[in-house]
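Student: Below you'll find the structure I mean.
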């Protein structure tokens, strides 16, 4: 049960999705000039993905450590499971993971080590201080979620010859950033009781649910900009189907948002965004599905 508890604390069910997202991003977006097999066998990429996964796991631990009281109200069942592991054990695992990350990053370069050192500090600073502040907490939480992809970008940016590719890369990042930010704001609506009880200055607590819904509506409309850039100015292959479906779902998402008042209704909206984000990871292969087929043929020859 303690192993299951620790798995829950580090949200082990999220880590494989993050690993898959990083590898697919490297193959289909960041390292198009390399073969899929070459990218998969890249030792430095493997180390960075592993370091990212461990850093995110340690981030969940420290976040759980500081949010223990709030989670008793917002997620009582999960909180009781998480409490099977003592706070002392959580901190021991947290520091151990960070030490391993620092060592792994050094195997790649001092730049990678510096990046992950800053990343670890920012996660702690967010969990300890920033997440209680209005707006800044949402923005920083979203930034923390997409930073692992910039670790991979730093590996490959020298190999990107076409400067227009930077626009495409940042358009993908912007679309993901907006979806994650909307998700963070929906979580604030969902957890408003626990946030209010523990003096978290979230937008719904400070300005009310209506203002929060207005901001979410604006963010949903802003997703049109990166989608337009990706579909009209770049060849995203069959992934344009995913973007069109996303925009349609977001329309119904907003209609339901303005009718929602209870925690259960906000939880449904939260799950819709989770689905869009996870589906987006798998749909990256639609940019060029032949890569998988060619890669399969190459593996068979080997």
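Laboratory data are not the source of any read-out in this text; all were calculated from the coordinates shown. Being a predicted model, the structure only gives us computed values, none of them experimental. We place every Cβ from the backbone using ideal geometry, glycine too, and count neighbours over all the protein chains shown.
Student: Under the Kirkwood approximation for Rh and a Cα-based Rg, what ratio Rg/Rh is obtained for the stretch 24-113?
Tutor: On the Cα set of the stretch 24-113, Rg over Rh gives 1.14.
Student: Specify the inter-centroid distance of the stretch 168-183 and the stretch 131-156, based on alpha-carbon positions, in whole Å.
Tutor: Distance between centres, Cα-based: 11 Å.
Student: Please give the FRET efficiency for residue 258 paired with residue 7, using the beta carbon to beta carbon distance and R0 = 35 Å, rounded to the nearest 0.05.
Tutor: 0.45
Student: I need the calculated FRET efficiency for the pair residue 228 and residue 92, taking r as the beta carbon distance and R₀ as 41 Å, to the nearest 0.05.
Tutor: Working from the Cβ atoms, E equals 0.25.
Student: Next question. What translational diffusion coefficient, in µm²/s and rounded to a whole number, does the Stokes-Einstein relation yield for the stretch 162-302 at 20 °C and a viscosity of 1.002 mPa s, taking the hydrodynamic radius as the Kirkwood radius over Cα pairs?
Tutor: 128
Student: Which one is right for this structure if Rg/Rh (Cα atoms, Kirkwood Rh) is calculated from it: (1) 0.97; (2) 1.04; (3) 1.02?
Tutor: This structure yields the entry labelled (1).
Student: On to the next question. At a Förster distance of 22 Å, what's the computed FRET efficiency of residue 109 paired with residue 146, Cβ-Cβ distance as r, to 0.05?
Tutor: Once the sixth-power term is evaluated, E becomes 0.55.
Student: Right, here's the next one. Working out 0.36 nm times the residue gap between residue 154 and residue 81, then minus their Cα-Cα distance, what length gain in nm do you get to one decimal?
Tutor: Additional length available on full extension: 22.5 nm.
Student: To two decimal places, what compactness ratio does the stretch 1-154 give when its Cα radius of gyration is scaled by 2.2 N^0.38 Å?
Tutor: Against the empirical 2.2 N^0.38 Å value, I get 1.09 for the stretch 1-154.
Student: What is the extension gain from residue 275 to residue 19, computed as 0.36 nm multiplied by their sequence separation minus the C-alpha to C-alpha distance, in nm to one decimal?
Tutor: In short, 90.5 nm is gained.
Student: Please identify, among 215, 62, 47, the residue showing maximal mean-square fluctuation in a Gaussian network model of the chain using a 10 angstrom Cα cutoff.
Tutor: Residue with maximal mean-square fluctuation among 215, 62, 47: 215.
Student: For the chain, calculate the relative contact order in percent as a whole number, restricting contacts to Cα pairs under 8 Å that are 6 or more residues apart.
Tutor: The value is 21 percent.
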